[in-house]
Structure formats: structure tokens, C-alpha cells
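Just below is one structure, and these are the notes that go with it.
Here, each number is a calculation from the coordinates, and none is a lab measurement. Just so it is clear, the model here is predicted, and its values are computed rather than measured. Here Cβ is always computed from backbone atoms with ideal geometry, including for glycine, and neighbour counts include all displayed protein chains.
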Amino acid sequence: MIKTLRTDSTNSDFQKLVEKLDAYLAEIDGEETAFYSQYNKIDSLKSAVVIFENEKAVACGAFKKLNENSVEIKRMYTEKSARGKGFARKVLSELEVWAKEVGFESCVLETGKRQPDAVALYHKCGYQVIPNYGQYKGVENSLCFEKKI
């Protein structure tokens with residue numbers, strides 16, 4: 001059974017998945033991890049989604065307001081054992097629907113070039129590559145995307 005939960009960053013299942021995400025990113029980004037970590041704090045995320053498969057939290061994501069029209073998708077992660085089942089797509093879709101419900105027009109996000117599965121997901125879900133924004137300008141490993149919702 002699959003269940004989708006809208007929550008916030010105080011949710012313990014969300015926090016546990018984010019810990020696994022951070023460990024994974026530390027492996028692939030090495031010394032660049034500290035740069036990215038400063039922009040990935042979860043203490044103030046009010047819009048988070050957790051997907052459960054048979055009562056076990058297997059995927060998550062969140063968004064935060066970027067400006068009056070856009071949200072930034074943050075902290076997307078799927079457990080290794082649950083990958084390939086469409087959970088990341090389901091999380092992303094739920095975040096897009098939620099953002100639209102509360103009045104936003106687009107979603108932007110940043111991912112690393114060393115994450116080909118994430119890059120492929122965003123392309124498949126209709127995201128277009130855009131120039132790196134904000135703190136990601138000039139960062140070689142960063143790839144930024146946008147989707148109108």
C-alpha cells in the first residue's frame with residue numbers, strides 16, 4: 001500500500017530520509033558538500049512530502065518560497081531499495097500540485113551533475129534547464145531547472 005503525506009520538516013520520517021540523502025551527497029560531492037549543506041537546512045521547511053510503502057517511509061521532497069511566483073524544490077530523496085518504482089516522480093508531482101494550490105506558478109530546483117538519475121528524472125517530468133540562479137551561479141557541478149505549473 002502506498003500513502004502520500006503532506007507535512008513539514010518537523011516530521012521524523014522526513015528527517016530520517018534527509019539524513020540518508022545528506023550521507024549520499026557527502027559520498028558523491030566530497031569536499032563540495034559543505035558549500036551545498038549551507039543551503040539545504042530543513043529547519044524552516046513548511047511544505048514537505050513523504051511517501052510510504054507498506055507503512056515504511058521511502059521517499060521525500062519539499063519546497064520553499066523562492067519569490068512571489070516560484071518555489072524551490074528541495075531535499076528530494078528515494079531509499080535505494082525503493083528506486084525505480086516511480087516514487088520520486090510521485091513526490092515531485094505532489095509538490096507541484098501543492099505549490100500550485102497555494103498560488104505559485106513555477107518550480108525551480110538545483111541538482112548536481114554527478115546525479116544522472118536526478119537529472120533524468122527532472123527532464124522526464126518536464127523541467128527545462130535554466131541558467132544557474134542565486135548561490136549556484138558559477139558553480140560547475142550545479143545544474144538548475146524550471147517548470148511552469
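Each Lys and Arg contributes +1 and each Asp and Glu -1, all at the Cβ; summed about the Cα centre of the stretch 100-149, the dipole is approximately 100 debye.
What the Cβ-Cβ distance of ARG83 and LYS3 gives, at R0 = 22 Å and to the nearest 0.05, is a FRET efficiency of 0.75. Computed over every Cα-Cα pair of the chain and binned at 10 Å starting from 0, the pair-distance distribution P(r) comes out as 11, 44, 39, 6, 0 percent. The stretch between LYS124 and ALA23, if pulled fully straight at 0.36 nm per residue, gains 33.8 nm over its current Cα-Cα span. Computing FRET efficiency as 1/(1 + (r/R0)^6) for LYS113 and ASN69, where r is the C-beta to C-beta distance and R0 is 35 Å, gives about 0.85.
Under a Cβ-only charge scheme (Lys and Arg +1, Asp and Glu -1), can you give me the dipole magnitude of the stretch 38-149 about the Cα centre, in debye to the nearest 20?
Dipole magnitude for the stretch 38-149 comes out near 240 debye.
Highest mean packing comes first when the peptides 71-80, 115-124 are listed by Cβ atoms within 10 Å, giving 71-80, 115-124.
Computed from the Cβ-Cβ distance with R0 of 35 Å, the FRET efficiency linking ASN141 to ASN54 stands at 0.50.
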